[in-house]
1. Quick one: is Ser69 among the hydroxyl-bearing types (Ser, Thr, Tyr), free of Cβ contacts under 8 Å to residues at least 40 places away in the same chain and either part of a helix (DSSP H, G or I) or assigned by TED's automatic domain parsing to the domain that holds Thr128 (or both)?
2. Going by the conditions given, is Ala56 without any contact (Cβ under 8 Å) to a residue 40 or more places away in the chain, surrounded by 15 or more Cβ atoms within 10 Å (Cβ to Cβ) and closer than 25 Å to Glu38 by Cα?
3. Scan (1) part of a helix (DSSP H, G or I); (2) loosely packed, with under 14 Cβ neighbours inside 10 Å for the single condition Phe103 breaks and write down its number.
4. Pick from Ala94, Ala119: which is free of Cβ contacts under 8 Å to residues at least 24 places away in the same chain and under 20 Å from the mean Cα position of the chain (by Cα)?
5. I'd like to verify a number: residues in the range 77-97 that are loosely packed, with under 10 Cβ neighbours inside 10 Å and within 15 Å of Trp117 (Cβ to Cβ), how many?
Amino acid sequence: MDSGSLFELADQLKALREEKKSADEQAKRLGAAISKVEFALSEAMALSETQNFTRAGNTFYLKTRLHASAVAGHRDELFAEMKKRGFGGLVHEAVHADALASFVKEQLGEKDALPGWLADLVNVYHKTTVGVRKAGKKE
C-alpha cells in the first residue's frame, strides 16, 4: 500500500470522527430541546386536562412512567433486604432499572405507599412525557 492511499484513509477517518463528534453534539442539543418542549407540552396538556389530541396525522398523549433507583449509599442494603424477603431473583450485580421500577410498582400496590423496609432504600418519582404515534384513519 502506498503512502498516498494510507494518508487518504487517515484523512477520511479523521473527517468521519469529526463529523460524528459534531453529530453527537447536535444530538445532545436536540435532546435538550426536545425535553424542554416535551415538558412544556405535557404541562399545558395537564393544565387544560387534555389526555390526548390529534394534530397533523399524529396523536399526542400523556403517559406516566415510574422510575426507581436505590438511595445513594444504600444499594447494598437494598439488595440484601430484597434477598432476605424473597426477591433475590431480581438482584444481580445490578438491578435493571426497569425491573426495579416494576418491583417498586408492585410494592406500592393499592396503598400507594412503600413497605417500611423499602421506603428509605429507593427513590421513586413519576415522569410524565408525551408519546407520539400515527393517528388511526377515520372511516
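The values are calculated or read from the model by the stated rules, or taken from the named source; none is laboratory data. Just so it is clear, the structure is predicted and the values come from calculations on it, not from any experiment. Neighbour counts are summed over all protein chains in view; Cβ atoms, including those assigned to glycine, are modelled from backbone coordinates with ideal geometry.
1. no
2. Considered against the rule, which asks whether it is without any contact (Cβ under 8 Å) to a residue 40 or more places away in the chain, surrounded by 15 or more Cβ atoms within 10 Å (Cβ to Cβ) and closer than 25 Å to Glu38 by Cα, Ala56 comes out as no.
3. (2) is the only condition that Phe103 fails.
4. Ala94
5. Result for the range 77-97: 1.
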